[in-house]
Each structure stands twice: as C-alpha cells, then as structure tokens.
Amino acid sequence: METNLTPQAGRILDCAQALIAAGGYNGFSYADISAQVGITKASIHHHFPKKSDLVLTLVRRYRAAGAEGMAALAANGMGPRACLEAYIGWWAACIRDGTMPICICAMLAAETPALPADVAEEVRLHFTGLSAWLEGVLAKGASSRAFRLHGGPAAEAQALMATVHGAMISARAYGDPAIFDAVAGPLVERLAAPHPQKPAPGRKT
C-alpha cells in the first residue's frame, strides 16, 4: 500500500473512490473532488497531476488493501469455507451499510476500452490477484473435501468471482442490498454440498 501519501492526498483518494463507485471513471472531475473535499483544483493537481495518476494510485491502494485482507485471513488460520464466507460476508456488509456499494474495479472494468492503458492494466491485475486467491482457496477446500467442485479450481474461481460481482450489480440495479445476499449468500453452501455416498457392495441403487 502507498505509505508516502499525505493526509490530504488520502482524503482526495477517498473522495475519488466514492465518486468512481457512484459513476465510474468518466463520472467525476477534479471540480467534484474540490467541492467535496474543500480544496482547490490546483491542490489536487499538486498531488495528482493527471486524472489517470489519481485513479492509478487509487487502484493500487485498493489492490494492496485487498491483498492485506486476504493475507490476514490466512494468518488467522481460517479454513477454506471460512475464508469464502468472510469474503462474501465482507461485501454483503459493505453493500448493506453503503460504505462500499460496489467494487470500484468492477466499475472501472466496464469502461476498460476508454481507460488509460496503465489504469486498465492495474484493474486487470486486481482481477488476476483475486481469482488466484479464490483458486487457491477452492483447491485447498477440494483437497480437504470441504468443497465439491463441479469444474477445476480455476474455472470455479472465475465463476464465483463473476457471480459475486454480478450480485453487486443486481443489488445496485434494484436498489436492494438483499439481492446481493440472495444471489451470493448460497454460494459457499453449494460448494460445501456433501459428496454423494457410494452404495455399499452388493446393494442395489
């Protein structure tokens, strides 16, 4: 995570994150940040000369925070099921209380063709890192028989990630956080379905 940011730069980034969550890359300007943070546009340019510099720094900070959160789950010794429940539960809480109504990288990904190349690459790295973590959790769960996967861990990770992000979009479209819970909530339970029992020798099925 960026460690050399001034408090004012941090406030600028916090404001930009909320504005991107609300309207994407093209949905805000430095004038919006100036009005909300209470500083001049010149001050914003001092910290982030270009809008792409601002968003690039923001996505890097966002990725680093996510990596720290995932590392913390491992450090706490949480098993595969608990890790996935924590991941989905965190998003459910953020959407419910409005602190993070949607993943900003999901918002930015929808604008990929129009994003500066370095910002688009950083957004891709977010999804690459998240899918790799999910793949590792799913593979561990499958090997310990905590999960029953219907495909390989990589494919299952992509499907889970797409479902969680799709649930965010549906919750926003309907204006109802409960939609996220309804779509994403059962995911872990489905993965944790018990393995079918093999019939006893000589027993007809």
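Each value in this text was obtained by applying a stated rule to the coordinates, not by laboratory testing. Just so it is clear, the structure is predicted and the values come from calculations on it, not from any experiment. Using ideal geometry, Cβ is built from the backbone for each residue, glycine included, and neighbour counts are taken over all protein chains shown.
With the simple spin-label model, which puts each label point 7 Å out from Cα in the Cβ direction, the Lys41 to Arg190 separation comes to 4.7 nm. From the list (i) 10.2; (ii) 14.2; (iii) 13.0, can you say which value of mean projected area of the Cα convex hull in nm² was derived from the structure given? This structure yields the entry labelled (ii). In the range 41-112, a dipole from Cβ-located charges (positive for Lys and Arg, negative for Asp and Glu) runs towards its positive end, and of Phe48, Ile88, Ala75 it is Phe48 whose Cα lies farthest in that direction. For Gly141, the shell of other residues with beta-carbons less than 14 Å away shows a net charge of +1, using +1 for Lys and Arg and -1 for Asp and Glu. For Thr99, Thr163, the sequence from fewest to most other C-beta atoms within 10 Å is Thr99, Thr163. I'd like the orientation of helix 7-23 relative to the chain: the angle between its Cα long axis and the longest Cα principal axis, in ° from 0 to 90, rounded to 10. Once rounded, one gets 60 degrees. Taking θ as phi - 60° and the Karplus parameters 6.51, -1.76 and 1.60, the scalar couplings of the range 140-152 work out to 5, x, 5, 5, 8, 6, 6, 10, 10, 8, 8, x, x Hz in sequence order, x denoting glycine and proline.
In the distance distribution for the range 119-169, Cα-Cα pairs more than 12 Å apart total 64 percent. In this label model, Thr128 and Ala71 are separated by 1.9 nm, measuring between points 7 Å along each Cα→Cβ vector. Of the residues Ile88, Ile12, Ile179, the one with the fewest other Cβ atoms within 10 Å heads the list, and the complete ranking is Ile179, Ile88, Ile12.
Using θ = phi - 60° in the Karplus curve 6.51 cos²θ - 1.76 cosθ + 1.60, the 3J(HN,Hα) couplings for the range 59-67 round to 5, 5, 5, 5, 4, 5, 5, x, 5 Hz; x is entered for Gly and Pro.
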